[in-house]
Amino acid sequence: MKITVIGGAGVRTVIFINGLLDRYKKLNIDEVVLYDTDREKLEIISRLCRHVVVRRGQGLKVSTSFNAVEAISGADYIVTTIRAGGDHSRVVDEEIALNAGVIGQETTGAGGFSMAVRTIPVLMEYCELIKIHAPHAWIFNFTNPSGLVTQALKNAGYERIIGICDAPSSTKFRMAKQLGVTQDQLSVEFFGLNHLSWIQSVKVEGREILQELLSDESFLKSVQEFSIFDPELLRSMGYLPNEYLYYYYHREKALNNIKKSGETRGKSIESVNCRMMEELKQMDIEKSPETALQVFLYYMALREESYMSIETGHDKKEPIKKGELEVPDGMGYAGVMLDCIEGLQSEEGRELVLSVQNNGCIEGLEDQDVIEVTCHVSKNGIIPVPVGKVPEHCYLLIRLIKMYEKLTVEAIKNHSKETAVRALTLHPLVNSYSLAKILVEQYDLAYGGILGGCHAI
């Protein structure tokens, strides 16, 4: 079987390949094709990927392609992980938002809106090629904002697409570690939208412990995702939140911390990526692959240690020893995708948190609404675990963001600034017609007609 990665020059691809090495034989994967429009970066990343395969003595074939049709043709599984406009576009998105006095994070609010408008037309083109050249392939969308992008592609009629995000699986991993149990012993049920979800159930070997955890101050402080919230808030809700709800529940704190830092997350990532690529460009990777890999791992560690540190004001820096780093096991989005493939190939299946169509799962939402929820994945398909009626405070936020998503998709489809302004006016992190109008005009100016779409194939 063949996996194609559209956006294969992304820095996470090396970690993806390392995670795949543990399971590619079991999953009957023979080849991974990396495709990207950035030829120079793809050459560097692909060499690192092939070294990771060799150093572990595995036989997985990793090839590259600069032709989209060639890369897609005959693929069984396709990963979409692109950033239309490159790293600097994220910097532009966040700075325009901050100048307007709002949060510009790349998946929520104004930043997510801008990224979606740039990205969705490009992914539509790739999906058209997939429909022709790999019609039976499953598409795993990791492109941000994942939920909104998946909604747009589902609305356009692309059925075999699943939105994936590593936030829920990472949260479960850290919860299990803190509780001293294996992940198989721990069951965690999520509901909501991508980056806007809550945990409604936590069971250890069948015993419900959510309320115990909400009362356990040390547990809440010890799990990264929950430690950034006021514990009283969590207890009053009766649920554990996805970490991205920090931007909603502690909005002014996040905005003030970003302003105080003098640097957005996008700017920090751009700086780290630029330094990494410049250093790797100067190296002969074929002659010194392990040295090059250690350079890559050092900069990836710098990225990870700063995750959400700017927005929360928490300095999480720990000493990083260059030259002594292990390749991460691919627990993130690679792990979610591989778990999903494993589930689709098995009779018993697996429980995973995915972005899929609602189909009656959450009461009050339309069947075609894409939600993020715990699903049972097996040869029989992908079945969301029924949620039913959710608390009103969650439901109102879900409905509001879902309406924003639908209007954004409509704005992109019809190239309508007016609809785009309506979408951002509704978003809680903007919540103003006059600000929404400024943001749409500024993004349109920055990208030369953003609602006209862009084309990268």
- Message: Show the residue pairs meeting these rules: Cβ distance below 8 Å; 6+ apart or different chains; first residue within region 51-74 and of a type in the set (Val, Ile, Thr); second residue outside any loop (DSSP other than H, G, I, E, B) and open to solvent by 70 Å² or more (accessible area, probe 1.4 Å).
- Response: VAL62/ARG50
- If you check ASN431, ASN380, which single one turns out to be open to solvent by 40 Å² or more (accessible area, probe 1.4 Å) and at positive phi? ASN431
- Note on the structure: Given (1) farther than 22 Å from GLN224 by Cβ; (2) out of contact with any helix residue (DSSP H, G or I) (no Cβ under 9 Å at 6 or more places or on another chain), ALA292 misses just (2)
- Taking interchain pairs and intrachain pairs at least six residues apart, which have beta carbon atoms under 7 angstrom, with the first residue in region 4-25 and farther than 21 Å from ILE130 by Cβ and the second open to solvent by 10 Å² or more (accessible area, probe 1.4 Å) and part of a strand (DSSP E or B)? ILE17/VAL62
- Return a yes/no flag: does region 187-203 have any residue that is without any contact (Cβ under 8 Å) to a residue 40 or more places away in the chain and crowded, with 19+ Cβ neighbours inside 10 Å. yes
- Residue check: is LEU148 free of Cβ contacts under 8 Å to residues at least 60 places away in the same chain and either assigned to a helix (DSSP H, G or I) or closer than 21 Å to LYS402 by Cβ (or both)? no
- Item | Set GLU347, GLU405: member being touching a residue at least 24 places away in the same chain (Cβ under 8 Å), within 20 Å of the chain's Cα centre (by Cα) and closer than 27 Å to ILE78 by Cβ | GLU405
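Here's the yes/no breakdown for (1) open to solvent by 20 Å² or more (accessible area, probe 1.4 Å); (2) out of contact with any strand residue (DSSP E or B) (no Cβ under 7 Å at 6 or more places or on another chain):
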{"site": "VAL336", "(1), (2)": "no, no"}
{"site": "CYS340", "(1), (2)": "no, no"}
{"site": "GLU347", "(1), (2)": "yes, no"}
{"site": "LEU354", "(1), (2)": "no, no"}
{"site": "GLY360", "(1), (2)": "yes, yes"}
{"site": "GLU363", "(1), (2)": "yes, no"}
{"site": "HIS393", "(1), (2)": "yes, yes"}
{"site": "ILE401", "(1), (2)": "no, no"}
{"site": "LEU407", "(1), (2)": "no, yes"}
- Query: Of all residues in region 22-32, which are surrounded by fewer than 21 Cβ atoms within 10 Å (Cβ to Cβ) and at negative phi?
  - Reply: ASP22, ARG23, LYS25, LYS26, LEU27, ILE29, ASP30, GLU31
- Item | Test result for VAL370, open to solvent by less than 20 Å² (accessible area, probe 1.4 Å) and more than 21 Å from ALA97 (Cα to Cα) | yes
- In region 146-164, how many residues are under 11 Å from the mean Cα position of the chain (by Cα) and over 14 Å from ASP369 (Cβ atoms)? 3
- Message: Would you confirm, using the coordinates I've provided, whether SER236 is open to solvent by 30 Å² or more (accessible area, probe 1.4 Å) and closer than 26 Å to PRO428 by Cβ?
- Response: yes
- Consider only pairs whose beta carbons are under 6 Å apart and that are at least six residues apart or on different chains; among these, list those whose first residue lies in region 208-232 and is open to solvent by 10 Å² or more (accessible area, probe 1.4 Å) and whose second residue is β-branched (Val, Ile, Thr) and modelled with pLDDT under 95. ILE228/THR312
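Out of everything in region 242-263 that is farther than 23 Å from GLY192 by Cβ and either at pLDDT 95 or above or in a helix (DSSP H, G or I) (or both), what residue ends up being most open to solvent (accessible area, probe 1.4 Å)?
Of region 242-263, the ones farther than 23 Å from GLY192 by Cβ are 256-263.
With the extra rule that they be either at pLDDT 95 or above or in a helix (DSSP H, G or I) (or both), the set shrinks to 256-261.
On the way: ASN256: 82, ASN257: 27, ILE258: 21, LYS259: 113, LYS260: 161, SER261: 58 Å².
Across region 242-263, the extreme among qualifying residues is LYS260.
The values are calculated or read from the model by the stated rules, or taken from the named source; none is laboratory data. These numbers were taken from a predicted model, which means no experiment stands behind them. Don't worry about glycine lacking a Cβ; one is built from the backbone with ideal geometry, like all the others, and counts go over all protein chains shown. For accessibility, only protein heavy atoms count, side chains too; no ligands or nucleic acids. Shrake-Rupley method; radii C 1.70, N 1.55, O 1.52, S 1.80 Å.
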